[in-house]
Amino acid sequence: MEQAVKIDMIDGSKSFGEKNVLKKINLTIEKGQFVAIIGKSGSGKSTLLRLVADLENLTSGELLFNNTPLKESKVNITMMYQDSRLLPWKKIIDNVGLGLDGQWKDKAAGVLDSVGLLGYKDEWPSTLSGGQKQRVALARALIHEPSLLMLDEPLSALDAFTRLEMQNLIEEIWQNNGFTALLVTHDVREAIRLADRIVLIEEGQIAMDIVIDAPRPRHFSENNLALLEEQVLERIMYGEVQERMKKIK
Amino acid sequence: MRKTWFNRFLPWIIPIIILVVWQVVAALEIVTPSLFPSPLSVLVSGWQLTVSGELFTHVGASLSRAVIGMLIGGLIGFALGIMNGLSDTSYRLSDTTIQMIRNIPHLALLPLVIVWLGIDESAKIFLVVLGVLFPIYVNTFHGIRNVDPGLVEMGRMYKLKGWKLFKAVLLPGALPSIFVGVRYALGVMWLTLIVAETIPTEQGIGYLATNAREFMQTDIIILSIIIYALLGKLADLIAQFGENRALKWNASYNKEL
């Protein structure tokens, strides 16, 4: 496995026309760290993810991967989206091997096995459930042996049970492979379960940055995690209360 | 089992009723048989033309015009659709012109085509080319433009570029729409051919019908019309077969038709 990547964003700003979506963000993510980015819709958290994934370019500021500018670094980034984005016209195994050359079939079968879907390798994606499709998307992301795995609300469309299963799977795979992981989510509990660190984005700025060092696997009845969840939620909501107060005045 | 047998039979009930009624009415000789031949006499003249080999000459001539015209027009339409679907520059350059030409009813060009190209094969094929080009162009273009941008972004993330991206994402995504264009174009192809074959010629189903008109052979005129209908249905079946094979990943094509 390729070495995990260290990410530095220095004074990173992004605007679309007149709208400043991100304002001078300074953020360092250590090698192998699992960081959750939370925030309300429109806070700029997805833009931050897309910048790091090289799907958007910074308006100003710098983005470094292992101390080299993003465009020059040869870092292997893969991504899981909210929808699985499997190609419906390719069999499962061919979806996993997308973009690979040479002898990849055995490797693809191995990765499919690790997400528990080897038996489905010759099926069409349309025959799979939502959770199974996301497992395939995870396999497709893993086969490239990423140094950085981006997770853009990958579990938000799944039912509660499947979501728990997937959280366990993602945690296990991250622990075994040691890549850097960046998770964007609405779900505070999910962030606390999975992440080493939670970054809250509000109006294009980092509003909170906390480290969670509770041992894994995490249980909400231990280490005051339930209390932490409540505090984080309160912090997010408190901001909103302030906003409303301002408007009333 | 009985259900499938019944379902297979179902589409044929109405044609069979029409045939029976037609035969009965013709046998009553309300209208003189030379104007209103019975299905049997159409069948007999069909058989005679088959035995003499004439039918194959004419059907062959029409088929070759259809196929050549469809291939040339289809390829041009496909190529233009792909180009304009992929490139905004190409789209801005050529789409307006293509749309202007598309809005001319191509059959209205018949007199001009005769003057310019004469009355030989090229005139007929040219009309077919013109007829099939636009449905394939429009549907290919929209197919490419409507490929889910999320899939394209995903493909780029997995290092697919240029030809690989086209082959893995864009073309298969556009294929359902392209097939709609092909099936529509097949209809236009036969329609154009029927009109084009009224240009004086010595071979083809159109010639068979025109010639029969001169001699008041109503049965052969009707035979020609039926042959057009059968060929049209056959072409559509072949297109449908290709569609089902190429789109078998798509759940809505998976059911037996």
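Only the coordinates and a few stated rules stand behind these numbers; no lab work does. A quick note: this is a predicted structure, and the numbers were derived from the prediction, not measured. When we count neighbours, we look across all protein chains shown, and the Cβ atoms used for this are built from the backbone with ideal geometry, even at glycine.
Roughly speaking, what % of Cα-Cα pairs in chain A are separated by over 26 Å, rounded to a whole number?
Details: 13023 of 30876 pairs.
The proportion of pairs with Cα distances above 26 Å equals 42 percent.
What is chain A's relative contact order, in percent, from Cα pairs under 8 angstrom and six or more apart in sequence? Please report the intermediate quantities before stating the final value.
Values: 444 pairs, mean separation 65.9, N = 249.
Computed over chain A, the figure is 26 percent.
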Sum of -39500 (n - 2.57) over DSSP H runs of 4+, divided by residues of chain A (222 nm, nearest 500):
-10500 deg cm²/dmol
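Could you count how many Lys pairs in chain B have their Cα atoms under 22 Å apart, skipping same-chain pairs fewer than 8 positions apart?
On the way: B:LYS3/B:LYS255; B:LYS124/B:LYS233; B:LYS159/B:LYS167; B:LYS164/B:LYS248; B:LYS167/B:LYS248; B:LYS233/B:LYS248; B:LYS233/B:LYS255.
So the count of such lysine pairs works out to 7.
For region A:61-178, report the convex hull volume of the alpha-carbon atoms normalised per residue, in Å³, without decimals.
Numbers: hull volume 14.9 nm³, N = 118.
Convex hull of Cα atoms, per residue: 126 Å³.
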Filter the trypsin sites (Lys or Arg not before Pro) in region B:135-186 down to the DSSP loop ones having no more than 16 other Cβ atoms within 10 Å, then list what survives.
B:LYS159, B:LYS161
Helical segments meeting 30 Å axial Cα length and Kyte-Doolittle 1.0 threshold in chain B (DSSP H)
B:54-86, B:121-145, B:171-196, B:218-246
Would you pull out the residues with amide H under 5 Å of A:MET208's amide H, same chain only if 5 or more places away, H placed 1.01 Å from N?
A:LEU200
Treating only the Cβ of Lys, Arg, Asp and Glu as charged (+1, +1, -1, -1), what charge dipole size does the protein assembly as shown show about its Cα centre? Round to the nearest 20 debye.
180 debye
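Give, to the nearest whole percent, the P(r) tail of region A:125-189 beyond 16 angstrom, counting all Cα pairs.
Working: 930 of 2080 pairs.
Considering region A:125-189, 45 percent of its Cα-Cα pairs are separated by more than 16 Å.
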Sorted by Cβ neighbour density within 10 Å, fewest at the top, the residues A:LEU118, B:LEU10, B:LEU175:
B:LEU10, A:LEU118, B:LEU175
Residue range of chain B that is longest and free of GluC sites (Glu not before Pro) which are both DSSP loop and sparsely packed (at most 15 other C-beta within 10 Å)
B:30-201
Lys/Arg Cβ at +1, Asp/Glu Cβ at -1, dipole of chain A taken about the Cα centre: which of A:GLY32, A:GLN103, A:SER60 is farthest positive-ward?
A:SER60
Filter the DSSP H helices in chain A by two things, a Kyte-Doolittle mean of at least -0.5 and an axial alpha-carbon span of 20 angstrom or more, and list the hits by number.
A:225-248
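So what is the calculated 222 nm ellipticity per residue for chain B, using -39500 (n - 2.57) for each DSSP H run with n of 4 or more, over all residues, to the nearest 500 deg cm²/dmol? Mind dumping the intermediate values first?
Working: 12 runs with 196 residues, N = 257.
Estimated from H runs of four or more residues: -25500 deg cm²/dmol.
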Please build a GNM for chain A, connecting alpha carbons under 10 Å apart, and tell me which residue among A:SER84, A:SER13, A:SER60 fluctuates the most.
A:SER60
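When the convex hull of the Cα atoms of region A:161-211 is projected onto a plane and the area is averaged over all directions, what value comes out in nm²? Display every interim value, and only then the final one.
On the way: hull surface 15.6 nm².
About 3.9 nm², averaged over all directions.
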At a 10 Å Cβ-Cβ cut-off, how would you order B:VAL128, B:VAL115, B:VAL25, fewest neighbours first?
B:VAL115, B:VAL25, B:VAL128
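Using the Kirkwood radius over C-alpha pairs as Rh, can you work out the diffusion coefficient of region B:120-215 via Stokes-Einstein at 4 °C, viscosity 1.567 mPa s, in µm² per second? Provide the component values of the computation, followed by the final result.
Values: Rh = 15.8 Å.
Approximately 82 µm²/s, per Stokes-Einstein.
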If the viscosity is 1.306 mPa s and the temperature 10 °C, what Stokes-Einstein diffusion coefficient in µm²/s follows for region B:57-247 when Rh is the Kirkwood radius over Cα pairs?
88 µm²/s
Tail weight of P(r) past 35 Å, computed on alpha-carbon pairs of the protein assembly as shown, percent:
54 percent
Please compute the contact order of region B:57-247 in relative form: average sequence separation of alpha-carbon pairs under 8 Å and at least six residues apart, divided by the residue count, as a percent.
29 percent
